[in-house]
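The values are calculated or read from the model by the stated rules, or taken from the named source; none is laboratory data. Computed from a predicted structure; not experimentally measured. With ideal geometry, Cβ positions are generated from the backbone for all residues, glycine too; neighbour counts draw on all protein chains shown. Side chains are part of the model used for accessible areas, which takes the heavy atoms of the whole protein and leaves out ligands, DNA and RNA. Shrake-Rupley method; radii C 1.70, N 1.55, O 1.52, S 1.80 Å.
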2 protein chains.
Amino acid sequence: MKSVNTAMGTNAPRLDDQLCFLLYTASREVTRQYQPVLKALDLTYPQYLVMLVLWEQSKPISVSEIGKRLHLDSGTLTPLLKRLEQKAIITRRRNDRDERQVDIQLQSKGLEMKRHAAEVPGKLLCRFDDAQLKRLQELREELKSVLGLLINE
Amino acid sequence: MKSVNTAMGTNAPRLDDQLCFLLYTASREVTRQYQPVLKALDLTYPQYLVMLVLWEQSKPISVSEIGKRLHLDSGTLTPLLKRLEQKAIITRRRNDRDERQVDIQLQSKGLEMKRHAAEVPGKLLCRFDDAQLKRLQELREELKSVLGLLINE
DNA sequence: AAAAATTAAATTGTACACAATTCAATTTTG
DNA sequence: CAAAATTGAATTGTGTACAATTTAATTTTT
């Protein structure tokens, strides 16, 4: 009862106890920790997420489909994808069947990066012991299921 | 063992199973849900976080102290605080004792907003039932403790 | 089939984040 | 005390996020 009330009550909300703030902080903290590792791949963290989508595919995929997976819109993706194109990691091509769509395809450079990228999670997780990894994994499951709660409705 | 291995293994990392991606998505999703509620206060979500810090204080507080609480630097805070100043919510003043510091103080408008803001969490949480609130609370505790793991080291 | 509605990207504009640098004020050292 | 180091904000530059609008292409209606 106590802690539910602190969240719902009429008191001023306490910063450190707010789920939203913890998510906001944790997300930025994790992104920060990815950065030095991703620097070797010359990718930002959002660019890395786009690459994960593309590596899962191997087929060309539309901008909106990428957006659906990452919950990002064209306002974010279009300039990001143009940067990946400039780095010769992907190509952007209008779809012949539906000229509204732009298909994103890996270039050979982008495909080859997959091998390097496979080492990324390990580099970040290696500093945790088994007990800590287990906690991360539990948090992941909790978060995955709560995210379902947040999104539906 | 299985799921720990999927995170550490040499396979291509799976997007939906990555804690980092879940944090990134959940954080943005929650921010999105705050937005309509905060619009009534004419605040963005990061501005709201700064206000939470200021409401907890009631004393003037330096930019760097705000930054310490929110894990944000002056590059983010300076322009944000200038916007709050323009809206007559706060004042910015060089500290007399140490002229390097800029003290942030609530204006009367900013102080009065506290009452309205007290209703914000309730407006977001009211759509969850008791069981769901309990899960949010559990996630909060998990996240709080894991964040400690991530930050120290 | 023509008009209306919908969809997919791109564009525009605002607001973060954050690395890196600058500048001034204060502290620490030699 | 003067030089060196540190600290606190501000600035600069890059890269997201995302609302809102625009434009072109496709689909649905009438």
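General remarks:
- Every pair of residues 6+ apart whose Cβ atoms lie under 8 Å, when the first sits in the range B:86-101 and is within 14 Å of chain A (Cβ to nearest Cβ) and touching a residue at least 12 places away in the same chain (Cβ under 8 Å) while the second is within 7 Å of DNA strand D (Cβ to nearest atom) and open to solvent by 50 Å² or more (accessible area, probe 1.4 Å): none
- Every residue from the range A:109-143 that is away from DNA strand D (no atom under 16 Å from the Cβ), free of Cβ contacts under 8 Å to residues at least 60 places away in the same chain, closer than 20 Å to residue A:48 by Cα and more than 10 Å from every other protein chain (Cβ to nearest Cβ): A:109, A:111, A:112
- Checking A:84, A:41, A:77, A:49 one by one, the residue that is aliphatic (A, V, I, L, M) and in a loop (DSSP other than H, G, I, E, B) is A:41 and no other.
- Selection within the range A:55-112: residues that are at pLDDT below 95 and farther than 21 Å from residue B:24 by Cβ. The member of this set that is nearest to DNA strand C (Cβ to nearest atom) is A:59.
- Residues in the range A:92-108 that are open to solvent by 50 Å² or more (accessible area, probe 1.4 Å) and part of a strand (DSSP E or B) were compared, and the one that is nearest to DNA strand D (Cβ to nearest atom) is A:94.
- Considering the range A:110-153, the residues that are of a type outside the set (Asp, Glu) and outside any helix (DSSP H, G or I) include one that is surrounded by the most Cβ atoms within 10 Å (Cβ to Cβ), namely A:128.
- Selection count where residues are more than 10 Å from chain B (Cβ to nearest Cβ) and within 23 Å of residue A:112 (Cα to Cα), scope the range A:52-66: 10
- Verdict on residue B:59 being outside the structural domain of residue B:143 (by TED's automatic domain parsing), basic (Lys, Arg) and in a helix (DSSP H, G or I): no
- Just one of (1) within 13 Å of residue B:103 (Cβ to Cβ); (2) out of contact with any strand residue (DSSP E or B) (no Cβ under 9 Å at 6 or more places or on another chain) fails for residue B:62. It is (2).
- All positions within the range B:33-62 that are among the polar types (S, T, N, Q), farther than 17 Å from residue B:85 by Cβ and open to solvent by 60 Å² or more (accessible area, probe 1.4 Å): B:35, B:58
- Of the criteria (1) within 20 Å of residue A:37 (Cα to Cα); (2) of a type in the set (A, V, I, L, M); (3) touching a Lys or Arg at 6+ places or on another chain (Cβ under 6 Å), which one residue A:102 fails: (1)
- Subset of the range B:73-85 [farther than 13 Å from residue B:110 by Cα and free of Cβ contacts under 8 Å to residues at least 12 places away in the same chain]: B:73, B:74, B:75, B:79, B:82
- In the range A:66-90, the residues that are surrounded by 16 or more Cβ atoms within 10 Å (Cβ to Cβ) and away from DNA strand D (no atom under 11 Å from the Cβ): A:66, A:69, A:89, A:90
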